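Any read-out appearing in this document is the output of simple, stated calculations on the displayed coordinates, not a laboratory observation. Since the structure is predicted, the reported quantities are computational estimates derived from the model, not experimental observations. Note: ideal-geometry Cβ built from the backbone for every residue, glycine included; neighbour counts use all protein chains shown.
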Amino acid sequence: MASLNDYLLVSGLLFAIGLAGVVIRRNIIIVFMCLELMLSAANLSLIAFSRFNTLEGLPDYNGQMLVFMVIAVAAAEVAVGLAIIVALYRSRQTIHTDELTTLKG
Amino acid sequence: MLSLIVFLPILAFAAILLGAPARRTAVAAAAANLVLGLWATFTWKSGFWSFSVPVLETPSLNLAFGMIDGMSAVMIALSVIVTLAATLSSKAPEGREKLWFGSVLLMSAGALGAFASTDMFFFFAFHELALIPTFLMIGLLGRGDRREIAWKVTIYLSLGSIVLLAGLVWVANLAGTFDMPSMIAAVSGGELAIDPAVQTSIAALLIVGFGALVSLFPFHSWAAPAYASAPAPIAMLHAGVLKKFGLYGLIRIAVPIVPEGMQSWLNVLLILLLCNLLWVGMCTISQKRLDAMLGNASVMHMGYIFLAIAAMVVTPGSTLGFSAAVLLMFAHGVSVALLYSLADRIERATGTLDFADLGGLAKSSPALTFIFGIAAFTAMGLTVSANFVGEVLVFLSAFESYDPAAGLAPIQIACILAIWGVVISAVYMLRAFRSIFHGPATGATRAAPDLAVTDRLSALLLALPLLCIGLYPNLLLNLLK
Amino acid sequence: MTLAWILFYLPIVTSAVNQLVLRRNPVVPYVATAASALCFLISLVLLGREGEVGFNWATIGDLNIRIALKLDQLSTGMMVIVTGVGLLVHVFSLAYMREDKAVNRYFSGLGLFMFSMTGIVLSANFIMMFIFWELVGLSSYLLISHWYHKNSAADAAKKAFLCNRLGDFSFMIGVLLLWGITGHLTFEGLREWADGGGVAAAPAGVLGAAVLCIFGGAMGKSAQVPLHVWLPDAMEGPTPASALIHAATMVAAGVYMLFRLQLSIGSDAFDNFAGTTIAWIGGITALLAALMATQQDDIKRILAYSTLSQLGYMIMAVGLLAGEAGMFHLYTHAWFKALLFLGAGAVIFACHHQQNIWKMGGLCGRMPITSATFAAGTAALVAIPYVTSGFYSKEEILAAAYSGSTALFAIAVVVAFLTAFYMTRAFVVAFLGKSRSDDASHAREVKPVMWVPLAILAVLSLISAFLTGPLNAYRPHEASLIIVAASVVSLALGLAAGFFLYRGKNKDPLNIPAFRERLYFDGIYDNVIVRYFQDATAAIVHFLDEFLINGLLAGGAARASQGFGNLFRRLHGGSLQAYSFAFGLGVLLVIYFTVFF
Amino acid sequence: MPQYLFWFFATIMLIGGLAVVSFKNPVASAISVVTCFLGLAGLFIGLSAFFVGIIQILVYAGAVMVLFLFIIMLLDIRAEKARNLSWLATAGGVGLVAFFTIQLVGVLGEPLPNQQAPPLDPETMAAAAENFREDTRIAQSLGEGGLPDVHLIGHKLFTEYNLPLQILGVLLLVATVGVVVLSKRQPERES
């Protein structure tokens, strides 16, 4: 049986990979995917906690509720985010972050 | 009923926004306010004028107007006089009449509100209200580096206001009320005893806060460029009226409520005011333009009023310093407003304010020369002008505590040095008068037109109080009793 | 006492009406002259009256400053001088200023001056005196700058006002100190204080300092060294105004004020370092001015320096505790110096505004009346024994100096010699010999409206010493023989030297650049004090203000915040990766600090 | 779940994740994300979170990633020509990951409590049934020793988390509207 530590370790590694992707990659779509990875890594931790801390014999469904919410919000976020990317691409013809420097102060 | 005086300019402002003819509305409102304001000034003792509307239950906050003492009355008179003169004499650039006269009215309302408020919160808030049009007008319609100067003024005055706000909040917190008369009564009645150490801190905040608003050295470097750049009515209203807010606040709040704190800063205050008089005075001498010179001069003369405040601190029981300060505030406000309006007039007539380009204006514009002469000699404190009375009372108040056996106290030494300012102001004012009006005429001045009727009216409106009070100071001093 | 009020207000009311209502009306000069005549009559009526009348001017708590007219021997006597000379000058000006375009402004200025001078003379307290003290400065400024389009006149006016302001600075401090010591501002109060033994009880040093500071005011107004430089320059004004203001009355106000002070707090208060300093400054002024006068070519300037010198005499007398002698000399000097100035005015008028004595000459024959009156004035000034009023008053001063200090007595005798010398020089060069220019050769005797005042003054300058009783002037005891001898000898030497040295000369046989250049006072003031001590200091302070306060203090704070802003702006590179890196690093640091630290 | 299955799925997941970051071609990255999520779903199911696992596959691997692929296709994004990654960004990313990993190991270095998952055997299930009304499906299934995962989630969702659920619905609606607005072609601005 895998221990809680194992799950958390795997979840942490996935989060780290996502973080590295966000920092390293310049293609905004891939950056976006990496964000999804990070969210999922968090989801894994939540599910693991929910399983390893039972409540009256049953897994703690509050954790699973949270995961449910995260997935739903992530879906919405992806929809809006991708729409923004499309609009951005239309106006700038690029999705590379280093060419998108309008925010430069 | 004071609310009428305060809100009349705001109503006129609204009317202008809604499309009333700007200049006529402004002049009408200012003239009506002059009548009302002078009436209020001469009958301030009657309760008729007080007004109060509750705004908040806890902490108890009232929109309250009233005449706390003669100083409020005199300041209101100053405001209405200068406002009318500013609207009468100024000429808005094409297409900007709404902004121009609206700002003047708003500033007037702010100043009147601040001087009429008995409540500390609104006292502060009205002043801030008046600063907004100041910034706007300097930034939009100023001369020279207007953006930079507007920023400079904004930053200086806002920082001053913030420091001031901290001090005021502290005071209000200790007193448990925003109502200034009851605060003062509590202190003099002994119910409110503030710890001396706390008083020292509060006094420092108030001196720095109010001082920055009054361009006390070393917070003075905003004033001269601002007045040189600001459109004439703004310079008149700010230098003449709004700047007095800081002095008014020091006299109204700092001196009665934290006397021991002020006492502990006395020597610092004396040094700073001497810097105002002598240091800034020397700066004034080396100015090459009339507007820059007037800006520095008005900073310099603040020193005398601070000297009166110092005298109030030294001799708490006496009313001499108080009367001197109020009289000088009035006199300085009116004379500075007159000078700015005439300087503006000179610039409109000749196109320059550079001493090197001017000269011999007395030949083409005798009326202007006459009025400017009155203004200039008044500003340098020549006798039979209100400024002289103010200055001599200031000096007397500084010497009131003199004990020949004990020798000269710091305030007397400061006073003696301060009198040197009289010489300095004569130097620069005479130079200015000499180089503008005397000597052979130059190209710029040869065909300059003399004062028009409205110019004369506004100049008279300002010059008459100066002369009347100079000839018979009891006219104003009786109001202070 | 209504008369006193009329006397006080009449000139200013006339002046205001002239300037504001009548404006360019040609009747203005006559109105002004009529008013001054009325004032003179009132002064005569008021002679010998005593009393005080006034109203509260500024009242604050216990302090009550009054505008009060004080009538006593001193003030009524002085009023006769002021209004008398004033009236004659008004009459003289009617002709002298007839051609001037701004004649109305001139007469308004004279009215303002008469008002202010009346105020000084009748004032009952120091504040009121100070008010009018400055007002005469203003009217003097206005009259000197009458021809303002000339740069020299405009500069002279400015200089005069500034020198007076310097004096006023000191005067104000003196008044404050005196108020601090005695608690009184009124002359009456001061006298009561002094009678009550206040002088002995007061700390002597402070009292002396107060007296000296007040004397500083007199130094400005009466043009004592080192503030004397404005008076010669003030000759840029119209000559009648010079006669009234810068010779007879205003410049004497310093002496009047000192004597007023001496009467109030008593001579004892002067009997210390203050009195000595005053006497010495007076003596030095008398000597230096006389020396400078010997080498001037402008007739008005010669008279101006002689005025300085005579004022020095008066001040010296006051300093030597002989105020009566000073006042007596003031009284006689007013008449004969006004005469000399008006005479010079007549000469200048006749010579088409030629003021250089070397361009005159031979006027004796062409302008007999003027020459005769000028001679009378000269005689009074050089103090021809027993027949001129100047002799009697000068003897008193010499007597005071003789009993006071030998050195000052010697100076006074030398000054008497120099006076005789330079006045003889002026008279010989300008009036005797033959004409040295067209202007002079075309000169013709002036009209009666001008020479009648001259004649009246000429009579007065001869006999005024005998009119002291009716005119309420001060006149102390007679002088001793030794002094008469000294003054007669110096007079004879001076007359002889002046006459023989300058008779028939076409140019100055003496050339002493130091005296001609006024002992370099003006040069030093303009080039050193004004240029370096004032303008350069002002420029340096202005620079420091810009640099230190505006640049470093305020600007430094501004630049510091701007710098920080720029620093943080760098971080806003617009790079998403950088943001996310910073964000991730921040999160990790938070974890580090919460978990591991 | 047996240990080896855990490592199996974990490995799939981590390799998928690494592939997302390292592939040049966005399509390949998207496929890798799907792979990663499949592994993740396996882990979820292994943790008895059947419903969430299924959702993960349906929503994420199915809908979301298809959306990604759509966009990639729509924008016609090619693989990056050269891997012109800035070494600074790479170093930053790697450093960050290293730092994170060290912290992770530091935290997880000592075993947490509850190392073993509590058993979900029929006895515990039956005991848990007492908290539910007898006549409900949940009580019945529990009493039979099963774990009615979907029912339990539904119960929770529509009782305790009803309000958040509604808000979530509104959020999704807003997102839909927003997406429609955003992807509408902007009319050319006059100027």
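Expressed as a whole percent, how much of the Cα-Cα distance distribution for chain C exceeds 35 Å? Each step should come with its number before you reach the end.
Values: 73960 of 177906 pairs.
Roughly 42 percent, rounded to a whole number.
Please work out the FRET efficiency for the pair C:A455 and C:A514, using the Cβ-Cβ distance as r and a Förster radius of 35 Å; give the result to the nearest 0.05. The partial results should precede the final answer.
Details: r = 39 Å, r/R0 = 1.11.
For C:A455 and C:A514, the calculated efficiency is 0.35.
Could you list the square roots of 5 times each eigenvalue of the Cα gyration tensor of the stretch C:467-597, that is, the equivalent ellipsoid semi-axes, sorted largest first and rounded to whole Å? Present the calculation step by step, with values, prior to reporting the outcome.
On the way: eigenvalues 1599, 113, 30 Å².
Equivalent ellipsoid semi-axes, largest first: 89, 24, 12 Å.
Would you calculate the separation in nanometres between label points at C:S437 and C:S403, each defined as 7 Å from the Cα along the Cα-to-beta-carbon direction?
Placing both labels 7 Å along Cα→Cβ, they lie 4.8 nm apart.
Which values, in whole Å and largest first, are the semi-axes of the equivalent ellipsoid of the stretch B:46-94 obtained as the square root of 5 times each eigenvalue of the Cα gyration tensor? Intermediate values should be presented prior to the final figure.
On the way: eigenvalues 197, 56, 13 Å².
Listed largest to smallest, the semi-axes of the stretch B:46-94 are 31, 17, 8 Å.
Kindly give Rg over Rh for the stretch C:5-131, based on alpha-carbon atoms, with the Kirkwood expression for the hydrodynamic radius.
On the way: Rg = 15.6 Å, Rh = 15.2 Å.
Here the Rg-to-Rh quotient is 1.03.
Using a 7 Å offset from the Cα along the Cα-to-Cβ direction at both B:E94 and A:A87, what is the distance between the two label points in nm, to one decimal?
For B:E94 paired with A:A87, the spin-label model returns 4.3 nm.
Ranked from highest to lowest mean number of other Cβ atoms within 10 Å per residue, what is the order of the peptides B:170-180, A:37-47?
A:37-47, B:170-180
Could you work out Rg/(2.2 N^0.38 Å) for chain B, with Rg from alpha carbons only? Kindly include the intermediate steps, with their values, before the conclusion.
On the way: Rg = 21.2 Å, N = 481, 2.2 N^0.38 = 23.0 Å.
So chain B has a normalised radius of gyration of 0.92.
Excluding residues on the same chain fewer than 8 positions from B:K288, give the lysines whose Cα lies under 24 Å from its Cα.
Those lysines meeting the cut-off are B:K152, B:K363, C:K150, C:K158, C:K159.
Within 10 Å, count the other beta carbons around each residue, average over each peptide in B:397-409, B:289-301, and list them highest first.
Working: B:397-409: 18.0, B:289-301: 26.5.
Result, highest mean Cβ count within 10 Å first: B:289-301, B:397-409.
Taking B:K244 as the anchor, which aspartates and glutamates have their alpha carbon closer than 18 Å to its alpha carbon, excluding any fewer than eight residues away along the same chain?
B:D69, B:D119, B:E128, B:E391
Can you tell me the convex hull volume per residue for the stretch A:4-99, based on C-alpha atoms, in Å³ to the nearest whole number? Mind dumping the intermediate values first?
Values: hull volume 5.9 nm³, N = 96.
Value for the stretch A:4-99: 62 Å³ per residue.
Mind checking the alpha-carbon convex hull of chain D and giving the volume per residue in Å³? Numbers along the way, then the final one.
Numbers: hull volume 39.9 nm³, N = 191.
About 209 Å³ per residue, rounded to a whole number.
Among residues other than B:L250 whose Cβ falls under 13 Å from its Cβ, what is the net charge (Lys/Arg +1, Asp/Glu -1)? It would help to have the intermediate numbers written out before the result.
Details: positive: B:K243, B:K244, B:R252; negative: none.
After counting each charged neighbour, the total is +3.
Can you tell me how much longer the chain between C:L501 and C:A204 gets when fully stretched, taken as 0.36 nm per residue apart minus their C-alpha distance, in nm with one decimal? Walk me through the intermediate numbers first.
Numbers: separation 297, 0.36 × 297 = 106.92 nm, distance 5.06 nm.
Residue separation times 0.36 nm, minus the Cα-Cα distance, leaves 101.9 nm.
Which lysines have a Cα lying under 22 Å from the Cα of C:K505, excluding residues fewer than 8 positions away in the same chain?
Once the sequence-local lysines are set aside, what remains near C:K505 is C:K300, C:K359, C:K434.
Considering the Cα positions of the stretch B:178-278, please state its Rg to one decimal place and its Dmax as a whole number of Å.
In Å, with Rg to one decimal and Dmax whole: 15.5, 48.
Per DSSP H run of at least 4 residues, take -39500 (n - 2.57); add these up for the protein assembly as shown, divide by its residues and hand me the 222 nm value, nearest 500 deg cm²/dmol.
Details: 61 runs with 947 residues, N = 1374.
Roughly -22500 deg cm²/dmol at 222 nm, from the helical runs in the protein assembly as shown.
Please state, to two decimals, what the Cα-based radius of gyration of the stretch B:265-481 comes to when divided by 2.2 N^0.38 Å (N = residues). Write down the numbers at each step before the final one.
Details: Rg = 18.2 Å, N = 217, 2.2 N^0.38 = 17.0 Å.
Relative to the 2.2 N^0.38 Å estimate, the stretch B:265-481 comes out at 1.07.
Going by average Cβ density within 10 Å per residue, which order do the peptides D:140-152, D:42-54 take, highest to lowest? Write down the numbers at each step before the final one.
Numbers: D:140-152: 17.3, D:42-54: 22.3.
In descending order of packing, they fall as D:42-54, D:140-152.
What is the projected area of the convex hull of the Cα atoms of the stretch B:214-371, averaged over all directions, in nm²? Working shown, then result.
Numbers: hull surface 37.5 nm².
Hull-based average projected area comes out at 9.4 nm².
In square nanometres, what is one fourth of the surface area of the convex hull spanned by the alpha carbons of the stretch D:96-191?
On the way: hull surface 54.1 nm².
Mean projected area of the Cα convex hull: 13.5 nm².
Return one quarter of the surface area of the convex hull spanned by the alpha-carbon atoms of the stretch B:278-343, equal to its mean projected area, in nm². Walk me through the intermediate numbers first.
Numbers: hull surface 17.8 nm².
Approximately 4.5 nm², given one-decimal rounding.
For the stretch B:69-173, what number results from the quotient of the Cα radius of gyration and 2.2 N^0.38 Å? Provide the component values of the computation, followed by the final result.
Numbers: Rg = 15.2 Å, N = 105, 2.2 N^0.38 = 12.9 Å.
Working it through for the stretch B:69-173, the quotient is 1.18.
Per residue, how much space in cubic angstrom lies within the convex hull of the C-alpha atoms of the stretch B:376-476? The partial results should precede the final answer.
On the way: hull volume 11.8 nm³, N = 101.
It comes to 117 Å³ per residue, whole-number rounded.
Report the Cα-based extents of the protein assembly as shown along its three principal axes, largest first, to the nearest Å.
Sorted from largest, the Cα extents of the protein assembly as shown read 152, 68, 60 Å.
What average count of beta carbons from other chains do you get within 10 Å of the Cβ of residues in C:60-70?
On the way: counts 16, 8, 4, 8, 1, 7, 0, 2, 0, 0, 0.
Averaged over the peptide's residues, the number is 4.
For C:A486, what charge total do you get from the other residues with a beta carbon under 13 Å from its beta carbon, if Lys and Arg give +1 and Asp and Glu give -1? Walk me through the numbers on the way to the answer.
Numbers: positive: C:K394; negative: C:E395.
Net of charged neighbours comes to 0.
Cα atoms only, the stretch D:1-77: Rg and Dmax in Å?
Over the stretch D:1-77's Cα set, Rg and Dmax evaluate to 13.3, 43 Å.
Stick to the Cα atoms of the stretch B:350-412, pair each with every other, and give me the Kirkwood hydrodynamic radius in Å at one decimal.
Details: mean 1/r = 0.0673 Å⁻¹.
Computed over Cα pairs of the stretch B:350-412, the Kirkwood hydrodynamic radius comes out at 14.9 Å.
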